[in-house]
Structures are given as structure tokens and as C-alpha cells.
Amino acid sequence: MTAPARLTQPSRAAVVESALGRVTAGSRRAAVGLVGAVVVAAAVAFGVLVLPHWPHMPTHGAMLWGFGVPVDYQECGFHTGQDWFAAEGTPVFAIADGVVMYVGPLWSSAPGTGRGDHAVVMEHEGYTTTYSHNRIALVSAGEPVERGQVIAEVGNEGYSRRPHLHLEKVEARFSGDWTRPFDGCDVYVDPGMLWSPF
Ligand SMILES: [Zn+2]
């Protein structure tokens, strides 16, 4: 009647072993996701705190997914721009003087696809740039923009798992059709890392 309950409990070793068995199967995936999130967070913090005003940066973040990487989620089969990871709401800067040609959905406006509903397309001398996944755009079509001007805020719209800016440099003019803004795949070029200071 007064027998202590702990006598009927499994040994600590058995409990630990059983828990480990259950955890191991699902934990590997979670660990990979956690490491990824930590890497992104560290890179973003580095970009925001250590290199906030480096001249080539289109936003206060970190470029972690470069141009030309093979991907299966884009029609051309390669990543057509650079992904700059930054906290939601971080300012997005124009990388050169230009004129805003278009603001709105790009490629698709369905939830979870395309570039979100606040993409910005800007024309410069001899090329075009696009800024996608923004949570909001701060410029309008027809507006002249100076290099370094804040044109949008980083968001997580469209085909995006974490807040980031997808920046493209395109050696073609905007077609005028947001569902097919540029023709062909060879018009996309590496935005590079050496823009002029602003
Ligand atoms: Zn991208």
C-alpha cells in the first residue's frame, strides 16, 4: 500500500533509449532545417550589422543563392537572378539610375507562385532589373529612380520560403506583359557584385 511508485517505473536508461529511438527518425530532417535557418539568420545579421552600407548591396542582407544555379522551379532551368536574404521590411535599393516600367504581379499572382504582387521592373541604359517577392512597393510605373533610392521592402510573397529579394539583371526590354515579362533564357545575366557606390 505504501510501495513507492518509482519501483514500477522503467529505469532511466530504458526511458532514454526509447526516447532516442523515437526521436532519431524525425530529428534529422528537423536538424537540417534548423541548421539552414541558423545559417540564414547569421548571414542576414552579418549583412545587416556588419556590412550595412556596402556599395553593391541592393538590400541590407546576404546574397546566398546566386545566379545560374540549376533549379527545377524556373522555366529556364537555372536561377535567373540573385537571392538576397534579409528580414521582412528591410529596404530594397535601386542598383542604378533608371525608370520604373512596371509594379505589380510578375509571372503569376497565385498564392505561393511567381514573384508576388509587388514586384518592380526598372529600365536602365541597355538593360532592365527586376526586384521580386517584396511585401510592398514604394514606387510607381513611370517614376524616375536614382541609384540607391529605396524602392520597396523585402517580403515573402510568391514562390518564397523565407523573406528575400530576388534580383535580376536582364539584357532585354520589359515586354509589357507581366505574365511573360521577357522572352528567352539567354537575356538573363549575372547581376554581379560590383555596382557603383551610392
Ligand atoms: Zn531567386
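Where a number appears in this text, it was derived from the coordinates with a stated rule and is not lab data. Values in this document were obtained by computation on a predicted structure and should not be read as measured data. A quick note on method: Cβ atoms are made from the backbone with ideal geometry, for glycine too, and the neighbour counts reach across all protein chains shown.
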Which of the residues belonging to region 134-156 are assigned to a loop (DSSP other than H, G, I, E, B), out of contact with any Ser or Thr (no Cβ under 8 Å at 6 or more places or on another chain) and over 14 Å from VAL100 (Cβ atoms)? ARG135, GLY148, ASN156
Filter result (part of a loop (DSSP other than H, G, I, E, B), touching a residue at least 40 places away in the same chain (Cβ under 8 Å) and within 14 Å of the ligand (Cβ to nearest atom)) within region 76-94: CYS76, GLY77, THR80, GLY81, ALA86
Checking the conditions here, which among GLU153, GLU123, GLU168, GLU143 is within 16 Å of the ligand (Cβ to nearest atom) and surrounded by 14 or more Cβ atoms within 10 Å (Cβ to Cβ)? GLU168
